[in-house]
Amino acid sequence: MVTVRFRPLSPREINKGDEVAWYADGDNMVRNEYNPSIAYAFDKVFGPATTTRRVYDVAAQHVVSGAMEGINGTVFAYGVTSSGKTHTMHGEQKSPGIIPLAVKDVFSIIQDVINDLLDPTGQNLRIREDAQGTYVEGIKEEVVLSPAHALSLIASGEV
Ligand SMILES: Nc1ncnc2c1ncn2[C@@H]1O[C@H](COP(=O)(O)OP(=O)(O)OP(=O)(O)O)[C@@H](O)[C@H]1O
């Protein structure tokens, strides 16, 4: 997914009389102010009023949740100097960037309570790691012998 984020003109740029040369035309287009026939399409274009939270939700959250399910992913910012890469990725206390938002998200996923659906006494189980890999401590495991057996176990877990 390739997105574009416009930042607002800074007070210094406004004082200098700088003008906006490219603008967000709808959700997917970047258009030239001086020659409107020049336009480029992207998966998503964020205008200057967009919050970093919104950029995260649209452009990064699915990469983070995918990573938690084992799908490799990368989020990176690319742009000229002062275009807003640090503001977007790192942010500040009052407007945290994609990196702190992702870290928080990962921990909120990890801190979900795990209850064993096959054994009602298995509540709030812990995720552990050993040389064999990651496992849930104390979880009930069943060997399935047929598709019907697997489906009946899934059904019993849904009760
Ligand atoms: N969306 C935004 N809203 C308000 N201010 C912004 C926004 N994006 C960037 N800024 C401000 O614009 C200035 C430049 O942004 P930033 O430092 O993030 O750019 P950069 O791409 O990381 O630059 P460099 O490549 O030089 O490190 C900063 O003062 C930043 O706070």
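Every number in this text was worked out from the coordinates using simple rules, so none of it is lab data. Because the structure is predicted, anything quoted here is derived from the model rather than measured. In this analysis, Cβ positions are derived from the backbone assuming ideal geometry, glycine residues included, and neighbour counts consider all displayed protein chains.
Some notes on this structure:
- When the chain is treated as a Gaussian network with alpha carbon springs shorter than 10 Å, the biggest mean-square fluctuation among VAL113, VAL58, VAL144 belongs to VAL144.
- GNM remark for the chain: springs join alpha carbons under 10 Å apart, and the peak mean-square fluctuation among THR52, THR81, THR134 falls on THR134.
- Scalar couplings 3J(HN,Hα) for the range 88-102, obtained by applying the Karplus form with A = 6.51, B = -1.76, C = 1.60 to θ = phi - 60°, are 6, 7, 9, x, 10, 3, 7, 9, x, x, 4, 5, x, 5, 5 Hz; x denotes Gly and Pro.
- Geometric descriptor of the range 113-159, per residue, is 82 Å³ (volume of the convex hull of the Cα atoms).
- The Cβ shell under 14 Å around THR134 holds other residues with a net charge of -2, Lys and Arg each +1, Asp and Glu each -1.
- Between 0 and 90 degrees, the angle of helix 147-158 with respect to the longest Cα principal axis of the chain falls at about 70 degrees.
- Kirkwood Rh in Å, taken over all unlike Cα pairs in the chain: 19.8 Å
- The Cα atoms of the range 1-65 cover 43, 29, 13 Å along the three principal axes, with the biggest extent listed first.
- For ASP25, the residues whose modelled amide H falls within less than 5 Å of its own, excluding neighbours fewer than 5 places apart on the same chain, are VAL30, ARG31.
- Likely footprinting exposure, SER156, SER65, SER37, fewest C-beta neighbours within 10 Å first: SER37, SER156, SER65
- Net +/- balance of residues flanking ALA49 in space, Cβ distance below 13 Å, scoring K and R +1, D and E -1: +4
- Structural size metrics of the range 65-108, computed from C-alpha coordinates, are Rg and Dmax of 12.1, 35 Å.
- Fluctuation leader among ASP18, ASP27, ASP130 - the chain, Gaussian network, Cα springs under 10 angstrom: ASP130
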